[in-house]
Amino acid sequence: MNNPGTPTFDQLRIFLTIVDTGSFAAAGRKLNRAVSVISYGIANLETQLGLMLFDREGTKKPQLTVAGRALLAEVRSIAHGIDGLRAKVKGLLDGLEAEVNLAVDVMLPAERLGKVLRAFAREFPTVQLRLHVEALGAITAMVLDRGAVVGISGPLSAGVEDIESISAGSVAMVPVAAPDHPLGRMEAIPPGAGRNYMQLVLTDRSRFTEGQDYAVSSPRTWRLADLGAKHALLREGIGWGNMPLPMIAADLVAGTLARLAMPDHPGGMYRFSGIWRRDTPPGPAASWLLEQFVTLGREDRELEGMGDI
């Protein structure tokens, strides 16, 4: 049974450079080495593996053998892994985080979140990201409890001790119901009508919302911890409730939800803040994330006649 030796990374790099440049001479020029050094490196690699990797007979341009073609993908994978390792180590030496834990409010528009994280992946390819999508006070709780280094929180983070914050935009929250819901069928909704029907309310289990209600006007409520479930139940006609306008904009166009002109419950602006612990300032990658959310948040426009939620 033949046991191949262990090639060096330099030998593998020489092999890939020959493949990519097309010749031993071109590989030598790219690596700034003599052709004899390139040939010696490949000869040693072939000896280590016990395989011929290039067919050098009858052609000026070395051709991969069957064995060489079979190993090419594995060698590239190893090279990419080494490059990634070197980049990550350089980042750590430069103070770049190995991992960023980010908590975001479920009300944050999904398009904005996707735009920022897509850019983050390009900007910091060596930094792992752990994303937590939470509701209401859970974002602040995660940052305080060090489950996340930074968060994009709603207004419940305001004034919390040990939390630093910066404004990061807002989203309009509007009351909606299915078009066949009694409120959805009303041409003019009288004051107080919402109290007569089931209101679907988003909730969480954090200590910051315990025993408190926000934008609740009906004594009859269903409480849900998932905004997607609330969205689905509203479309089924099970009650009415507030939803972030970007999330239900398509429903309003399609007619699967109707915006309710409730004189005593018009909705309001749900304001976001970028937050972090005062004693744990974010590193370079986390700071970059915060800056992107803050920058995009400056473009938010408030709806006329709406106060804060």
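Residue check: is L144 over 18 Å from L117 (Cα atoms) and of a type outside the set (D, E)?
On the way: over 18 Å from L117 (Cα atoms): yes; of a type outside the set (D, E): yes.
Yes.
Residues that are outside any loop (DSSP other than H, G, I, E, B), farther than 30 Å from P125 by Cα, at pLDDT 85 or above and out of contact with any Lys or Arg (no Cβ under 7 Å at 6 or more places or on another chain): does the stretch 11-24 have at least one?
From the stretch 11-24, those outside any loop (DSSP other than H, G, I, E, B) are 11-21, 24; that's our starting set.
Checking which are farther than 30 Å from P125 by Cα leaves us with 24.
Next cut, at pLDDT 85 or above only: 24.
In the following step, the residues that additionally are out of contact with any Lys or Arg (no Cβ under 7 Å at 6 or more places or on another chain) were identified as 24.
Yes, the stretch 11-24 contains at least one residue that is outside any loop (DSSP other than H, G, I, E, B), farther than 30 Å from P125 by Cα, at pLDDT 85 or above and out of contact with any Lys or Arg (no Cβ under 7 Å at 6 or more places or on another chain).
Does G274 satisfy being crowded, with 18+ Cβ neighbours inside 10 Å and not aromatic (F, W, Y)? For G274, the condition - crowded, with 18+ Cβ neighbours inside 10 Å and not aromatic (F, W, Y) - is met. Every listed requirement among (1) modelled with pLDDT of 90 or more; (2) over 30 Å from V100 (Cα atoms) is met by E187 save one, (1).
The conditions are (1) over 15 Å from L71 (Cβ atoms); (2) without any contact (Cβ under 8 Å) to a residue 24 or more places away in the chain, and F24 fails exactly one of them. Which is it? Condition (2) is where F24 drops out.
For first residues located in the stretch 118-136 and over 15 Å from V104 (Cα atoms) and of a type in the set (A, V, I, L, M), partners that are in a strand (DSSP E or B) and modelled with pLDDT under 95 and lie 6+ apart or on another chain with Cβ distances below 7 Å form the pairs V127/E99; V127/V100. Against the list (1) surrounded by 14 or more Cβ atoms within 10 Å (Cβ to Cβ); (2) at pLDDT 90 or above; (3) in a helix (DSSP H, G or I), the condition A27 fails is (2).
The values are calculated or read from the model by the stated rules, or taken from the named source; none is laboratory data. Since the model is a prediction, treat every value here as computed from it, not as a measurement. Ideal geometry is used to build each Cβ from the backbone, glycine not excepted, and the neighbour counts take in all protein chains shown.
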